[in-house]
Amino acid sequence: MTANELLAQLRVNGAIPRHVAIIMDGNGRWARERMLPRPLGHRSGMKSVREVVEGALEAGVEYLSLFAFSQENWQRPPVEISALMSLLEEYIQREADELEGQGVRVRVLGDIDRLAPAARAAVDRVTAQTAHNSKLTLNLFISYGSRAELVRAARRIADEVQAGTLRPEQVDEAAFAERLYTADCPDPDLLIRTSGEQRISNFLLWQLAYTELLISPVLWPDFGRTNLYEAILDFQNRDRRFGRVPA
């Protein structure tokens with residue numbers, strides 16, 4: 001089916017997931033299969049970001065979380081890291097005005113103090129420019145690792161308990177979630193991982209507790225809104241019980 005046919009079907013098929021998260025994987029493999037440098041794979045993946053953002057807007061998704069750059073990625077060759085930071089700046093420069101016009105609020109989540117000054121300035125610019133929007137929240141996870149996020153939340157709680165502003169008996173799941181990067185977002189309903197790899201890769205370990213998982217064999221640069229709609233249709237056909245059984 002075409003993208004428009006899939007979109008029409010999912011609109012009548014059931015509830016649209018409020019929050020879709022995607023591990024964007026396969027840029028390097030895509031480039032290698034074409035005997036191209038890895039940075040060209042990352043560049044080609046930029047069009048897929050546009051595709052899924054526009055697809056999420058059309059489908060009525062409220063939150064879209066994209067895992068763009070992990071803390072572990074800092075161990076990659078400096079040339080590749082520099083290319084990724086330049087692509088981040090280029091993406092923001094190219095897309096910021098359109099994202100603002102489409103009603104997209106952009107947030108960049110992770111240890112962004114590690115970004116190069118130019119990349120950090122671009123991040124600050126787009127988050128400020130789109131802060132007033134509410135149609136779709138686009139979470140870009142950059143310099144992010146979930147274990148580090150959990151440790152950060154635990155330290156914040158420990159500091160507050162030590163300072164006397166939080167009592168130990170007040171520390172519960174809600175208190176912990178409020179100290180995560182995603183404090184004002186619902187947990188993802190659907191996680192898509194591209195390229196066929198079957199692992200979470202230190203992404204949203206707390207938030208994915210009851211998320212539906214879908215592994216797509218498609219490499220990220222080839223992933224488009226048709227693939228997104230197919231994933232949502234698959235999600236709509238699942239029975240989410242959250243540990244319960246029918247009466």
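Every read-out reported here was derived from the displayed coordinates using simple, explicitly stated rules and does not represent laboratory data. Please read these numbers as outputs of a predicted model, since none were measured by experiment. Note that each Cβ is placed from the backbone with ideal geometry, even for glycine, and that neighbours are counted across all protein chains shown.
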A chain fully extended from Asp172 to Glu5 at 0.36 nm per residue, minus the present Cα-Cα distance, gains in nm 55.7 nm
With at most 13 other Cβ atoms within 10 Å, longest stretch of the chain clear of loop trypsin sites (Lys or Arg not before Pro) (DSSP): 35-134
Using amide H atoms built 1.01 Å from N in the peptide plane, name the residues 5+ places from Met24, or on other chains, whose amide H lies under 5 Å from its own. Phe67
Residue order, fewest to most surrounding Cβ atoms within 10 angstrom, among Trp30, Trp220, Trp74: Trp74, Trp30, Trp220
Using Cα pairs under 8 angstrom and six or more residues apart, how large is the relative contact order of the chain, in percent? 30 percent
Given the rule -39500 (n - 2.57) for each run of at least 4 DSSP H residues, summed and divided by the residues of the chain, what is its mean residue ellipticity at 222 nm, to the nearest 500 deg cm²/dmol? -14500 deg cm²/dmol
Shape of segment 153-247 from its Cα gyration tensor (a ≥ b ≥ c, root eigenvalues): rounded if a/c is under 1.5, otherwise prolate when a/b > b/c, or oblate? prolate
Cβ density ranking, 10 Å radius, fewest first, applied to His19, His132, His42 yields His132, His19, His42
Expressed as a rounded percentage, what relative contact order does segment 152-210 have, with Cα pairs under 8 Å and six or more residues apart? 29 percent
Candidates Gly196, Gly28, Gly101; GNM for the chain (alpha-carbon contacts under 10 Å) flags as most fluctuating Gly101
Give the shape of segment 3-61 as rounded, prolate or oblate, defined through the alpha-carbon gyration tensor: a ≥ b ≥ c are the square roots of its eigenvalues, a/c under 1.5 means rounded, and otherwise the shape is prolate if a/b is larger than b/c and oblate if not. prolate
